[in-house]
Amino acid sequence: MTQTPWPDGHRAAVVFNVAYELWPDGVAPGFSPMGNPLPPGAFDTQAADWASYGWKRGIWRVLDVLGRHGVQATVFTSARAAEVAPDTVKAIVDGGHDLCAHSYTQDVLPVLLDEAAEREHIALCKALLEPFTGTRIEGWLSPRCTPSVNTRRLLAEAGFGWHGDCFDQDLPYVDTAGDRPIVAMPMTMEVNDLPLYLRHGNPPRAYYDVFTESFGAALDGGTGHVDVTVHPHVFGRPFGARILEEIVRLVTARDDVWVITKTALARRVRTGPHAAAGR
């Protein structure tokens, strides 16, 4: 792979991501802060209530942090938010953020759908989110970042410009999907509140520490990039927002770092020699 330096002498690129996730009524996420599991078949009312914090309060706090520093984030949004919390989706767009599709709800995984159902699902997400932008949604991230074997092709056919279900390269590249290309945007997982804090039980401060290590590696490499990902139902709470703001301050204080959204980066990849060859 040929690596090309970021523009204007920037040593690294940082993308701030918000994984804005919802579940349908009567469905709870398969994780929560509680350590003791319920018996099989029991509805986890605690997990459902805990997850709803994201659209009721957490998203507003995250948007406030980003807005104070003039940072535009890529917001992977469950399309159901357009139905239950349309004011939050409007605020994302009004804030200049990069609104992208993240399934209808987090229990709808492309890998579990047949081709016809997945095509309908993609169309539903577009229909719910695109009225807020007034134009087509360009980016997609599957729940669990786990697409089906058809996802890339179906997204390209539906007019998406890029997908984030990519873990096989350091830098974005043009991905061949059927007759239409689509940009594959790597999604680094090191600086991600859900696995780091919730799943593996690290203290919130570890999020900042892991970022500084990843950031240093990106700077040393000269063409690296770092994803900084928060979930409003996890780090949208006061302790997490505080850590996020420390990272935002650190990054925006530098003049050698390119703070960019994934859609803007994907557009650059499509129009210039800044990517590896496709699969």
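Taking other Cβ within 10 Å of each residue's Cβ, how do 262, 90, 56 sort, fewest first? Could the numbers behind the result be given before it?
Details: 262 29, 90 12, 56 16.
With the sparsest Cβ surroundings first, the list reads 90, 56, 262.
Can you list residues whose amide H is under 5 Å from residue 73's amide H, if they're 5+ apart or on another chain and H is modeled 1.01 Å from N?
Excluding prolines and chain starts, which carry no amide H, the hits are 98.
In the chain, which helices (entire DSSP H runs) extend 18 Å or more along their own long axis, judged by Cα positions, while averaging at least -1.0 on the Kyte-Doolittle scale?
115-133, 204-221, 238-252
Quick query: amide H of residue 175 versus all other amide H atoms, modeled in the peptide plane; which residues come in under 5 Å with a sequence gap of 5 or more or a different chain?
Those lying under 5 Å, H to H, from residue 175 are 182, 183, 184.
Which far-off residues, 5 or more places away or on another chain, put their amide H under 5 Å from the one on residue 22, with H placed in the peptide plane?
Residues meeting the criterion, in which the H sits 1.01 Å from N, are 78, 106.
Could you tally the net charge around residue 143, taking each other residue with its Cβ under 14 Å from the Cβ of residue 143, Lys/Arg +1 and Asp/Glu -1?
Neighbourhood net charge equals -2.
Calculate how many DSSP beta bridges within the chain are antiparallel, expressed in % of all such bridges and rounded to the nearest 5. Please report the intermediate quantities before stating the final value.
Details: 5 of 30 bridges.
The antiparallel fraction comes to roughly 15 percent.
Rank the residues 31, 16 as a footprinting-exposure proxy: fewest other Cβ atoms within 10 Å of their Cβ go first. All intermediate terms of the calculation are to be shown ahead of the outcome.
Working: 31 15, 16 29.
Fewest-to-most ranking of 31, 16: 31, 16.
Run the simple label-point estimate for residue 213 and residue 268 please: 7 Å along Cα→C-beta, distance reported in nm.
2.7 nm
Can you list the residues of the stretch 191-210 with backbone N under 19 Å from a point 7 Å past the Cα of residue 252, pointing along Cα to Cβ?
Within reach of a label on residue 252, which here means backbone N under 19 Å from a point 7 Å along Cα→Cβ, the stretch 191-210 contributes 208.
Each value in this text was obtained by applying a stated rule to the coordinates, not by laboratory testing. Being a predicted model, the structure only gives us computed values, none of them experimental. A quick note on method: Cβ atoms are made from the backbone with ideal geometry, for glycine too, and the neighbour counts reach across all protein chains shown.
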